[in-house]
Amino acid sequence: MRRRQVLAGLAGLLAGCGGLGRDISSDASGVTPAPVPAVDGDTGERRRWFRGQPCPRFDEGTDQTVCSQTDSTSDTLTFRPDRPVVRASDGTPVEPLRITLVWRARRPLTVLASDWYHVRRTEDGWTRVAAGTGDTPATELDGTGRLHWVVGDSAPRRNDGEPVTTTLTPGRHALVVQTVSSDLPLHTECVALFDVVSA
């Protein structure tokens with residue numbers, strides 16, 4: 001598929017596309033516990049909310065996975081939602097969800113920003129809900145930098161983020177993007193977990 005072909009060209013990786021991999025998470029319910037506490041999206045709240053949840057992997061062709069619920073502010077690469085719980089009405093967040101990738105190294109990082117995919121946990125495992133177009137050039141962070149994806153705002157302000165057009169239903173969700181650190185090369189799958197509840 002296009003994503004892996006582009007990555008192969010950028011990083012000298014073998015062509016081919018990994019589909020949704022076998023689910024390795026132990027949480028089979030896919031349902032958010034109730035009642036939903038107030039959460040502010042900081043590292044402590046996010047870790048408490050997803051305590052004990054392993055990092056799911058969707059593309060077996062990647063070298064490593066970075067997950068929002070297990071990362072640390074000292075990590076070179078993080079990918080985090082601004083809050084772990086999203087209230088949605090008619091499939092749309094009451095307030096847009098902002099997911100931020102931060103790169104803390106001097107070497108370049110290539111990000112396929114428009115080639116995101118959105119997955120949802122069901123009783124049968126993870127299911128793809130939507131995917132980006134992948135039709136814009138890859139973004140290179142030349143040294144430290146950050147990028148944003150915005151769910152629920154179809155037209156974010158210029159430079160405010162990559163729009164994620166999808167439908168949110170109650171349950172556990174993840175937004176996934178891929179990166180390549182060109183000097184290694186290291187192909188990374190970045191996973192941001194969040195739960196959706198009805199508004």
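Annotations
- Condition check for T100 on (1) open to solvent by less than 10 Å² (accessible area, probe 1.4 Å); (2) within 13 Å of the chain's Cα centre (by Cα); (3) hydroxyl-bearing (S, T, Y): one failure, at (1).
- Count of segment 71-93 residues which are loosely packed, with under 14 Cβ neighbours inside 10 Å and under 18 Å from L175 (Cα atoms): 1
- Residue list for segment 79-108, filter: of a type in the set (K, R) and part of a loop (DSSP other than H, G, I, E, B): R83, R104, R106, R107
- Yes/no for R146 being surrounded by 16 or more Cβ atoms within 10 Å (Cβ to Cβ) and either in a strand (DSSP E or B) or of a type in the set (D, E, K, R) (or both): no
- Any hit, segment 61-69, residues being β-branched (V, I, T), in contact with a Leu (Cβ under 9 Å, 6 or more places away or on another chain), assigned to a strand (DSSP E or B) and within 20 Å of S198 (Cα to Cα): no
- Residues considered: D160, D135. Of these, the only one that is farther than 22 Å from R57 by Cα and open to solvent by 70 Å² or more (accessible area, probe 1.4 Å) is D135.
- Long-range neighbours under 6 Å by Cβ, at least six apart or interchain, first residue more than 22 Å from V191 (Cβ to Cβ) within segment 77-96, second at pLDDT 95 or above and open to solvent by 60 Å² or more (accessible area, probe 1.4 Å): V94/R87
- Selection count where residues are of a type in the set (F, W, Y) and over 21 Å from R146 (Cβ atoms), scope segment 52-95: 1
- Residues being at pLDDT 90 or above and open to solvent by 10 Å² or more (accessible area, probe 1.4 Å) - total across segment 165-199: 10
The values are calculated or read from the model by the stated rules, or taken from the named source; none is laboratory data. Source: prediction; values computed, not measured. Quick reminder, even Gly has a Cβ in these numbers, built from the backbone with ideal geometry, and neighbours come from all protein chains shown. Just the protein is used for accessible areas: all its heavy atoms, side chains included, with ligands, DNA and RNA removed. Shrake-Rupley method; radii C 1.70, N 1.55, O 1.52, S 1.80 Å.
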